[in-house]
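Notes follow once the structure below has been shown.
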Amino acid sequence: MGVRRRIGPAGSLIDVPGNNPRRIGVLGGTFDPPHNGHVLAGIEARDRLKLDLVLFTVANDPWQKTGVGGLREAGLTRAELRLSMVEAAVEGHRGLQADDLEMQRGGPTYTADTLIELEGRYPGANLFVLIGSDVASALDSWIRPDEVRRHATIVVMDRPGHDGGRPPNGWSYELLEAPLLEVSAIDIRSKVGSGLPIDAQVPVGVADLIDQHGLYGAQR
Ligand code: ATP
């Protein structure tokens, strides 16, 4: 298991002009669909880590999920629509922002590339990669893990139902100690397909888009 560090002194929002964020969280995902679990994680990370900005980066091709039996088989929602859902999910939440840089880059989505691009966009900023405990133990399978380590601090969020998942040996990380929600995209897709309500799991704007586009077998 990796080495846990204490969360360091927080940066100050007051000292930082809005267009020059110094502490930036990167919450990458497939977001098919985004849900209240993602939004709460973004809010808690923003507040507890004193982040100026939390970017919800929409994966163009989440290659680890679209593999055998993954979302490709089930039908991954096109990236533009996943981006619209993320924009709807974060709307009105200070500092939370949808980002399409991985879609613009195209191809399979590698976090190492995303971090390098963000360093160019926000020179000198501290980057924090926010991941759920369900994916923490798989960090070694990421492409160019050394670059991920070098360019960002890993922050693990204990996702209910996946408590205790931690990075492998060799990874330093911080733990976000916050009560999070037990909700998953797969559960929402399944509920929609079965005609069950999802109001408690997704922001209203996301539910509207699922409805309008008949996603996940939604009856229109
Ligand atoms: P699926 O159910 O299709 O696997 P998901 O709900 O895990 O999807 P993703 O878009 O794959 O959603 O998640 C992106 C990131 O958000 C991952 O790091 C994941 O661990 C994290 N995450 C997802 N759901 C939660 C949650 N309820 N609380 C905290 N983090 C979460």
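The values are calculated or read from the model by the stated rules, or taken from the named source; none is laboratory data. Since this is a predicted model, take the numbers as computed values, not measurements. When we count neighbours, we look across all protein chains shown, and the Cβ atoms used for this are built from the backbone with ideal geometry, even at glycine. In case anyone asks, the SASA skips ligands and DNA or RNA and just uses the protein heavy atoms, side chains included. Shrake-Rupley method; radii C 1.70, N 1.55, O 1.52, S 1.80 Å.
Would you list ASP208, ASP113, ASP32 from the most to the least accessible area, probe 1.4 Å?
ASP208, ASP113, ASP32
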For TRP142, what accessible surface area do you get with a 1.4 Å probe? Give it in Å², rounded to 10. 40
Enter the accessible area of HIS162 (Å², nearest 10), with the probe set to 1.4 Å and all protein chains included. 80
Structure-based [θ]222 nm, the chain - -39500 (n - 2.57) summed over DSSP H runs of at least 4, per residue, nearest 500: -9000 deg cm²/dmol
Of the candidates GLY2, VAL26, SER84, the farthest towards the positive dipole end of the chain (Lys/Arg Cβ +1, Asp/Glu Cβ -1, centred on the Cα centre) is GLY2
Just want to confirm a number: the relative contact order over the chain, from Cα pairs under 8 angstrom separated by 6+ residues, in percent. 27
Can you compute the modelled spin-label distance between VAL204 and TRP63, with each label point 7 Å from Cα toward Cβ, in nm? 4.1
Find the centroid of the Cα atoms in region 103-128 and in region 182-220, then give the distance between the two in whole Å. 30
Subtracting the Cα-Cα distance of LEU40 and ASN169 from 0.36 nm times their residue separation yields 43.6 nm
Taking all pairs of different Cα atoms in the chain, averaging 1/r and flipping that mean, what Kirkwood radius in angstroms comes out? 17.7
Would you grab the residues whose amide H sits under 5 Å from the one on ALA98? Only those 5+ places off in sequence or on another chain, please, with H modelled 1.01 Å from N. PHE56
Heavy atoms of the protein only, probe of 1.4 Å, neighbouring chains included. What is the accessible area of SER194 in Å², nearest 10? 80
accessible surface per residue for region 55-196, probe 1.4 Å, DNA/RNA/ligands not counted, whole Å² -> 46
Ranked from the most accessible area to the least, with a 1.4 Å probe and all protein chains present, what is the order of TYR122, TYR110? TYR110, TYR122
Amide H contacts under 5 Å for GLY170, placed H, 5+ residues apart: VAL3
